[in-house]
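Below is one structure, written out as structure tokens, with a few remarks after it.
The values are calculated or read from the model by the stated rules, or taken from the named source; none is laboratory data. Since the model is a prediction, treat every value here as computed from it, not as a measurement. Cβ coordinates were reconstructed from backbone atoms using ideal geometry, including for glycine residues, and neighbour counts include every protein chain displayed.
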Amino acid sequence: MLPIIEKLLELQDCDRQIIRNRQRIDRIASDRTALESQESNSLSELNEARKNAHAIESQRKELELETDSQQELIQKYSQQQLQTKKNQEYRALANEIVQCRKTISDLEDRQLELMERFDGAQETIESAKQKAEYANKLATEKIRQLAEKDTELRSEVDRLQAEREQLAQRLELPVRQQYERLLKSKGGDGIVDVGQGVCGGCHVKLPVQIVITCKGQKEIVHCPNCGRIVYYDDKRPALVED
Ligand SMILES: [Zn+2]
């Protein structure tokens with residue numbers, strides 16, 4: 001293999017590792033975001049459940065106050081009954097008292113209903129709490145692991161960056177510039193093998209002359225279709241032909 005191609009392939013291999021590690025780092029970031037949003041969703045569910053229970057309790061307290069004021073009315077009407085000497089007025093007050101008692105009975109029914117709903121809401125709070133605690137525990141542990149992996153990958157990228165810098169310095173400037181351009185546009189796939197006369201990058205059949213020049217291994221050859229550097233791998237086991 002042409003020595004310059006060997007150098008380019010070593011550099012490309014290093015760049016491919018950098019690309020793979022960067023993709024892993026990106027995945028870690030999105031995994032982390034997903035975990036955090038799961039955690040915050042379960043916290044909002046818990047808050048919702050608490051708000052709901054609180055609203056039920058406030059409604060019940062309001063009904064309690066209404067009941068108290070109805071009781072006070074009964075007291076008041078009873079007092080007035082004791083003071084009045086008129087039959088009609090006495091009966092009217094008695095009617096009022098009956099009415100108040102009926103209202104109280106309705107209010108008590110509604111309070112009972114709210115107490116049942118409150119019990120249900122408490123159960124919802126309990127299960128939301130457990131869910132939130134579990135999500136928090138899980139997220140904390142996983143985020144810790146992800147952070148460790150992230151640090152590990154970042155230091156690996158730093159090491160590879162230094163390595164690729166050294167590998168790149170072995171190339172003459174014009175070749176290096178060609179390579180860097182290909183790296184940018186093709187993303188770690190700029191130097192490709194000519195397999196069966198086809199460009200290993202764009203898969204277009206190469207002109208015979210290009211394949212012959214490639215096999216000659218005297219100069220850098222580009223695919224006329226995609227511009228990648230194509231090389232002939234003489235170490236690759238030949239395909240058995242019938
Ligand atoms: Zn090509």
message = Going by what's in this entry, would Lys218 be described as basic (Lys, Arg) and in the same structural domain as Ala53 (by TED's automatic domain parsing)?
response = no
key: Criterion: part of a helix (DSSP H, G or I) and within 16 Å of the ligand (Cβ to nearest atom) - qualifying residue of Arg181, Arg164   = Arg181
remark   = Over region 188-220, the set of residues away from the ligand (no atom under 14 Å from the Cβ) and surrounded by fewer than 16 Cβ atoms within 10 Å (Cβ to Cβ) is Val208, Gln209, Ile212, Lys215, Gly216, Gln217, Lys218, Glu219
message = When you scan region 38-48, do you find a residue that is closer than 30 Å to Glu108 by Cβ and exposed (fewer than 14 other Cβ atoms within 10 Å of the Cβ), even just one?
response = yes
